[in-house]
Amino acid sequence: CVLPPEPPVDSSSAVDCAEANAISTVGVDCTFPAPDNSNYVEAIDGAIRSISCNTVPNHTYGDFRGRFAPFERSFSLPTSPTIAQETTSIFNTNNRSRYFFGVATNGVYFAPAPATPFIFENTQTGEYNWDWVFEASMNKGPEQDQVKLDCANAHSGDQCYHYHGQMFAFAAVLSPGITSGSVPDEPVQVGWAADGFPMVYLYGPDASGNLVKLTASYRLKEGERPGDGISAPCGPYNGKYYNDYEFIANLGELDECNGIERSITINTPSGRQHFPYFYVVTETFPQIGRCFTGLPDDSFL
């Protein structure tokens, strides 16, 4: 039996999935010292927590654009947030970012999902496929197709200086040694989510009230992406895209929004306060959550 010859391969349309699927976790060096004009002011008036800031960090940074001008912003939050019946995504229905996740206690935004051009682009038409948004912390680096994140997983852009992932340099300012494994004496608040609940770095109370490192409940999907490499990405799920991950309830301690319904008392810029729920900035995906358990305030749009 003689098999017919295989048809020739059209090399002009062939896709190198391995090359297109490349990831990078090495960021831009922090070559600039901490600015001296970082500003963050927080005040409580009844049921409202008011924040004014200028998006300038209080730590070293490595922004590829060089120094930047302050950008004044104001936010409003409930002082006693409540858990809503349904979660609210940071994304619009078309997968474009709608909300900042929150603001750090140094005045820098939390904006975990990148915007254009860090979206899969059709190799023939140039059209963006918003089902496949880059995961910023897996696409670091100085190259044109990389998200130029520094030692705080941050950079400047249309949203001014903002954090895309766990903010090492800022956490080190708040609690020296925490980024290298030193367990703090109590939870370290790094900011406020847009719904008014606090965000803490890595550690929070367990069910017995002991301070432990809390873990996310996401993992990489198994197998290969369904795309053809032209209109959607191909290759194995490796974390390059947000949709490479899936939520598995109870895989870790945290819920789908990277938070947990558990009592916590923390030192905030407005004094010591108690909350029934809190978010955690984790070591692994998503690092910063992508949805809210409470109702986000429109000042974070």
* Sites residue 275 and residue 238 - FRET efficiency at Förster radius 35 Å, r taken between beta-carbons, to 0.05 -> 0.45
* What percent do you get for the relative contact order of the chain when only Cα pairs under 8 Å and 6+ apart count? -> 21 percent
* So what is the calculated 222 nm ellipticity per residue for the chain, using -39500 (n - 2.57) for each DSSP H run with n of 4 or more, over all residues, to the nearest 500 deg cm²/dmol? -> -1000 deg cm²/dmol
* Using Cα pairs under 8 angstrom and six or more residues apart, how large is the relative contact order of segment 67-160, in percent? -> 15 percent
* Structure fact -> Carbon plus sulfur, as percent of the 1.4 Å-probe accessible area of the chain, comes to 49 percent
* **Relative contact order for segment 181-274, counting Cα pairs under 8 Å that sit 6 or more residues apart, in percent** => 23 percent
* **Alpha-carbon radius of gyration plus Dmax, which is the widest Cα pair, for segment 161-243 in Å** => 17.5, 51
* Rounded to whole Hz and in sequence order, give me ³J(HN,Hα) for segment 116-122 from the Karplus expression 6.51 cos²θ - 1.76 cosθ + 1.60, θ = phi - 60°, writing x for Gly and Pro. => 4, x, 8, 10, 4, 10, 3
* To the nearest 20 debye, what charge dipole does segment 198-244 have about its Cα centre, counting +1 at the Cβ of each Lys and Arg and -1 at the Cβ of each Asp and Glu? -> 100 debye
* Asked: To the nearest 0.05, what FRET efficiency results for residue 80 and residue 186 with a Förster distance of 35 Å applied to their C-beta separation?
  -> 0.95
* Asked: Regarding segment 232-301, what whole-number volume in Å³ per residue does the convex hull of its Cα atoms give?
  -> 140 Å³
* Asked: Is the shape of segment 89-155 best called rounded, prolate or oblate, per the rule: a/c under 1.5 gives rounded, else a/b larger than b/c gives prolate, else oblate, with a ≥ b ≥ c the square roots of the Cα gyration tensor eigenvalues?
  -> oblate
* Based on Cβ point charges of +1 for Lys and Arg and -1 for Asp and Glu, what charge dipole magnitude is obtained for segment 58-130 about its Cα centre, in debye rounded to the nearest 20? -> 200 debye
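The values are calculated or read from the model by the stated rules, or taken from the named source; none is laboratory data. Nothing here was measured: the structure is a model prediction, and the numbers come from that model. Cβ sites come from the backbone with ideal geometry, for glycine too, and all protein chains shown count toward neighbours. Areas reflect the complete protein model, heavy atoms only, side chains present, ligands, DNA and RNA absent. Shrake-Rupley method; radii C 1.70, N 1.55, O 1.52, S 1.80 Å.
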